[in-house]
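Read the structure below first, then the notes.
What follows is calculated from the coordinates using simple rules that are stated; it is not laboratory data. Computed from a prediction, not measured in an experiment: that's the story for all the values here. Cβ placement follows ideal geometry from the backbone for every residue including glycine, while neighbour counts extend to all protein chains displayed.
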Amino acid sequence: MNPILAEVTERIIKRSQSSRSAYVESMKAAQEKGPYRGTLGCGNLAHGFAACGQQDKETLKLMNQANVAIVSSYNDMLSAHQPFEHFPAIIKEAAHEMGSVAQFAGGVPAMCDGVTQGEPGMELSLFSRDVIAMSTAVALSHNMFDSALFLGVCDKIIPGLVIGALRFGHLPGVFVPAGPMVSGLPNKEKARIRQLFAEGKVGRDELLEAESQSYHSPGTCTFYGTANSNQMLMEIMGLHLPGAAFFNPNTPMRDALTAEAARQSIRNSHVGGKYRPLYEIVDEKSVVNAIVALMATGGSTNHTLHLIAMAAAAGVRIDWQDFADISSVTPLLCRIYPNGQADVNHFQAAGGVGFLVRELLDAGLLHEDVKTVVGDSLRDYTKEPFVEGGKLAWREAPENSLDESVLRPVSRAFHREGGLRLLTGNLGRGVIKVSAVDEEHQIVEAPARVFHDQLDLAAAFKRGELECDFIAVVRFQGPAACGMPELHKMTPYLGVLQDKGFKVALVTDGRMSGASGKVPAAIHVCPEAVNGGALARVKDGDMVRLNATTGELAVLVDSAEFEARETVTMPPSITQGMGRELFAWMRQSVNAAEQGATVFGQLEAYRD
């Protein structure tokens, strides 16, 4: 094991000792031997299977077979979730073949940041994660189930499902993905047309045609944003079946993996004879493995929030220093857009997760001795599935990458480190993802231009006011201010200016997610402006330094003068309409970005 990884793991274990112990004890207290529905009264149980067919009723009465909960993010508007429409039938058939039952326990909301980007609905996006966690808890609250399948893919859905599932961590569970859509318009071409539109060189018809060719069929978006980062992490945390992440929807392989997930969840139940609860799988080592995978693949910066919240749900305490230290020793092995030109389908074809896991394990960069949904070693995840004679089986993943422009061995890594860095200074603490930022752009020192909304920056660009070196300070975008929306509407404009030779960067208490690209962006800055953070004292023209090499984020103003400045208050915000008024209590209750930007104050009992 790499000594830095071993050191980080040890300090996480030490830091989490009391919170993890409290969590494990609470999960052990919830365990029951035999079917959980056996503890229910007759009237309760009758309500629980009243809508079942007669065969399922008889099975559930006998108490010698498992009942599997299906918790799904299905809706038929969003491409990533539409494939889940057919999964319950596949799961129920597989359960019946094993003499067990599967019930659709509940749905969770699934919204798309791509649809809401730059719109008022985006202010609900981050908080939807915690709503999903609560919805998962509601689905499992009937205590009818012996194991669970969690059907989800995208940005807030998987973190929310994980948080909810871990509060029922005494249950075995398997996460079931839908897979990416097949490749469409190359991501680089899509980005080029977006920039042309920002410059006024193409019209809306051309832009819509390009977007429609990129997002064109069922499945997740193919770039390596938060959705596909989620799937990578679920696999390397041992919560998927090996190799399940990146097979396309509506294929024999995808259906075979879905059916096998149902069978595995039954095997892992008390009545299946190999009891393997989730709380034993998600621990300090699996969380470290997740961070390693994030860094090795250039994954989403959203996970500097989500992984902290997910880990906290299991009593594990991590912070941004852990991310930075792990990043410093984890080589970048993947180039997937926006860190390259390929998409996740190319990554899968080049060798996929199996190749990646083997490389990292052999280099001492992952904990091998972890429990997973299929065994007691992460080495099981160096295999890939295949269908032969109508049956699912596994074989070793390719020994060599089939495309080293996309996926490389450790010995020929794209970069010696993962590219996520911690920034500190008199403007606060934040993170920056530099895996897609050229070295010449990783240090920017320029006058501040202050904005309170990403659309204000777009308007200034269109007025021709930004043809200069500057650092955009976009404040009052944190979770307590407005729900921490992603700020991608600015990306094409800043990209145009950088391409023209100007030194530009972004500093914000908001988010940019896994689609952040070539422009340096200091994000998640906390304390956030609305809570009196230093960003609320920055003025137009202040010199700001963003140095991703040294990790410095500072305003170059005399410290006494800067501290004496009056803190600007947030302008009157529009928090009515599009459901935003319903989330006021979340804005008032949410904690800081480095604590996961979550409203679950009760989980703090497991952190102290």
Report task. Using only Cα atoms, find the angle between the long axis of helix 352-362 and the longest principal axis of the chain, and express it within 0 to 90 degrees, rounded to the nearest 10. Result -> 90
Requested in this report: Please name whichever of TYR215, ALA597, ALA165 sits farthest to the positive end of the charge dipole of the chain, dipole taken about the Cα centre and charges placed at Cβ: Lys and Arg +1, Asp and Glu -1.
Outcome: ALA165
Query raised in the report: For VAL138 and LYS391, what does the FRET efficiency come to when R0 = 41 Å and r is the distance between their Cβ atoms, rounded to the nearest 0.05?
Result: 0.65
Report summary line: For segment 196-262, averaging the sequence separation of alpha carbon pairs under 8 Å that lie six or more residues apart and dividing by its residue count, the contact order in percent is 17
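Charges at C-beta only: +1 for Lys and Arg, -1 for Asp and Glu. How large is the resulting dipole of the chain about its Cα centre, in Debye rounded to 20?
Details: 55 positive and 69 negative charges, 180 e Å.
Its charge dipole is roughly 860 debye.
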Query raised in the report: Gap in Å between the Cα centre of segment 419-473 and the Cα centre of segment 317-347?
Result: 21
**Report entry** Taking N as its residue count, the alpha carbon Rg of the chain over 2.2 N^0.38 Å
**Finding:** 0.95
Requested in this report: Run through the DSSP bridge list for segment 420-594 and note the antiparallel percent, rounded to the nearest 5.
Outcome: 55
Report summary line: Rounded to the nearest 0.05, FRET efficiency between LEU40 and HIS96 (Cβ-Cβ, R0 25 Å) equals 0.65
Query raised in the report: What FRET efficiency comes out for the pair ASN531/CYS468, r = Cβ-Cβ distance, R0 = 35 Å, nearest 0.05?
Result: 0.70
**Report entry** Rounded if a/c under 1.5, otherwise prolate or oblate - segment 517-560, Cα gyration tensor axes
**Finding:** oblate
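Quick check: residue separation of LEU455 and ASP319 times 0.36 nm, minus the Cα distance between them. What number comes out in nm?
Between LEU455 and ASP319, full extension yields 45.8 nm more.
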Query raised in the report: Over segment 420-594, what lengths in whole Å, largest first, do the semi-axes of the equivalent ellipsoid take, defined as the square roots of 5 times the eigenvalues of the alpha-carbon gyration tensor?
Result: 24, 19, 16
Query raised in the report: Considering only GLY425, PHE145, LEU305, whose Cα is most displaced toward the positive end of the charge dipole of the chain, charges sitting on Cβ of Lys, Arg (+1) and Asp, Glu (-1)?
Result: PHE145
Query raised in the report: Between THR567 and ASP362, 0.36 nm times their residue separation minus their Cα-Cα distance comes to what?
Result: 68.6 nm
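I'd like to compare 67-76, 320-329, 395-404: which one has the highest average count of other Cβ atoms within 10 Å, and what's the full order after that?
The most tightly packed comes first, giving 67-76, 320-329, 395-404.
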Report summary line: Rounded to the nearest 10, the angle in degrees between the Cα long axis of helix 303-313 and the longest principal axis of the Cα atoms of the chain comes to 40
Requested in this report: Work out, step by step, the length gained on full extension between ASP376 and ASN64: first 0.36 nm times the residue separation, then minus their alpha carbon distance; give nm to one decimal.
Outcome: 109.7 nm
Requested in this report: May I ask you to list the trypsin sites (Lys or Arg not before Pro) in segment 1-105 that are in a DSSP loop and have at most 15 other Cβ atoms within 10 Å of their Cβ?
Outcome: LYS33
Query - Net +/- balance of residues flanking ALA262 in space, Cβ distance below 14 Å, scoring K and R +1, D and E -1 - result: -1
Requested in this report: Report, ordered by chain and residue number, the lysines lying within cross-link reach of LYS201, taken as a straight Cα distance under 19 Å and ignoring same-chain residues fewer than 8 apart.
Outcome: LYS188, LYS190, LYS462, LYS489, LYS500
**Report entry** Label-point separation, GLU440 to ASP558 (7 Å along Cα→Cβ), nm
**Finding:** 3.8
Query raised in the report: Along segment 122-133, what does the Karplus equation 6.51 cos²θ - 1.76 cosθ + 1.60 (θ = phi - 60°) give for ³J(HN,Hα), rounded to whole Hz, x for Gly and Pro?
Result: 5, 6, 8, 4, 4, 5, 4, 4, 6, 5, 4, 4
Query - Cα-based helix-to-principal-axis angle, 17-30 vs the chain, degrees rounded to 10 - result: 30
